[in-house]
Amino acid sequence: MRVAICQMHSGPDVGDNLDEAEALVRAAADEGADLAALPEYLEFMGPAADRRAVAQPVPGSTADRLSAVAADRGIWVLAGGMLEADGAKVYDTSVMFDRVGEIVARYRKIHLFDVELPDQPPIRESATIAAGDQLVTTRVEETRVGLSICYDVRFPELYRGLMTAGAEVLCVPSQFQFTTGKDHWHTLLRARAIENQCFVVAPGQWGPFGDPAEGRRSFGHSLVVDPWGRIEVEAPEEGTGVWVADLDLEALRSLRRRFPALHHRRLGASC
């Protein structure tokens, strides 16, 4: 399976962001990718107070644009994190589109980023986003893929559940903070790959966002990690574009047979 990680610097203009996302999907298709993975908050990186106004149902106008480009280029597309409106609630939702643009899976982010980072105002994602409560995997061609979003990466039980459900590829689309990313991004993603003997596909946002006085910045460094914990491809800290990796699923299955750590678990089916 050839995957393309699409790194973005989204802003407050939904139309401009979706134009960029479509261009990246087309570039991924030109590189022969089977799956183009877009980051979290791909269509809007403006004020949190405006998320409700931007959010759309799924399917809806935002999803329709990504569905159309998936069908036009015959490529699987992971919309890593869209603002999904459902009644009075807004979710941070990953949506998987198949090669004909059909929605085959939808995952609502379970763990919300409510933290206090040094030298910044507190972040309260839960003030505008509702939490999901279901693990989600889906088939992409002959491979089962587990869905997650950003802050989820700090909760290994989620990924153990996805692996137990058959996932061989774990997707972690993100808008990771620079403050935490410089110390935690690579370590957490490599750990999730090693402990579950899975590929990890993690497209991200890069660059400054929000009020300049608050000093907020996304970390970039979108990457793909193999089941041994090696980084197969990595984007730089800054820059919009597409980076491609070929996932050797047969090598993954061989590793699981030769190094059967997943069969040595003793604390229950989900641990």
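Sparsely packed loop sites in the range 128-209 (the GluC sites (Glu not before Pro) outside DSSP H, G, I, E and B with at most 11 other Cβ atoms within 10 Å) comprise E142. Computed over the chain, the per-residue total of -39500 (n - 2.57) for DSSP H runs of n ≥ 4 gives a 222 nm mean residue ellipticity of -8000 deg cm²/dmol, rounded to 500.
For the options P156, P59, P260, a Gaussian network treatment of the chain with springs between C-alpha atoms closer than 10 Å singles out P260 as fluctuating the most. Cα centroid separation, the range 93-132 to the range 156-199: 15 Å. Rolling a 1.4 angstrom probe over the chain with all protein chains present gives an accessible area of which 50% lies on carbon and sulfur atoms. Solvent exposure of the chain, expressed per residue, is 41 Å² of accessible area, with all protein chains present and a 1.4 angstrom probe.
In terms of the mean number of neighbouring beta-carbon atoms within 10 Å, the peptides 8-14, 23-29 order highest first as 23-29, 8-14.
Near Q197, once Lys and Arg are set to +1 and Asp and Glu to -1 for all other residues with Cβ below 9 Å from its Cβ, the sum equals -1. A simple charge model with +1 on the Cβ of Lys and Arg, -1 on the Cβ of Asp and Glu and nothing else charged puts the dipole of the chain at about 1200 debye relative to its Cα centre.
Each Lys or Arg adds one and each Asp or Glu subtracts one; over the other residues with Cβ under 10 Å from the Cβ of P121, this totals -2. Restricting the range 175-245 to trypsin sites (Lys or Arg not before Pro) that sit in a DSSP loop and have at most 15 other Cβ atoms within 10 Å of their own Cβ leaves R230.
For every other residue with a beta carbon closer than 14 angstrom to the beta carbon of E238, add +1 if it is Lys or Arg and -1 if Asp or Glu, then tell me the sum. Summing Lys/Arg as +1 and Asp/Glu as -1 gives 0. Computed over the alpha carbons of the range 175-227, Rg followed by Dmax gives 12.6, 42 Å.
The values are calculated or read from the model by the stated rules, or taken from the named source; none is laboratory data. Given the structure is predicted, the values throughout are model-derived calculations rather than measurements. Methodologically, a virtual Cβ is constructed for each residue, glycine included, from the backbone with ideal geometry; neighbour enumeration extends over all protein chains shown. Please note that ligands, DNA and RNA were not included when accessible areas were found on the heavy atoms of the full protein model with its side chains. Shrake-Rupley method; radii C 1.70, N 1.55, O 1.52, S 1.80 Å.
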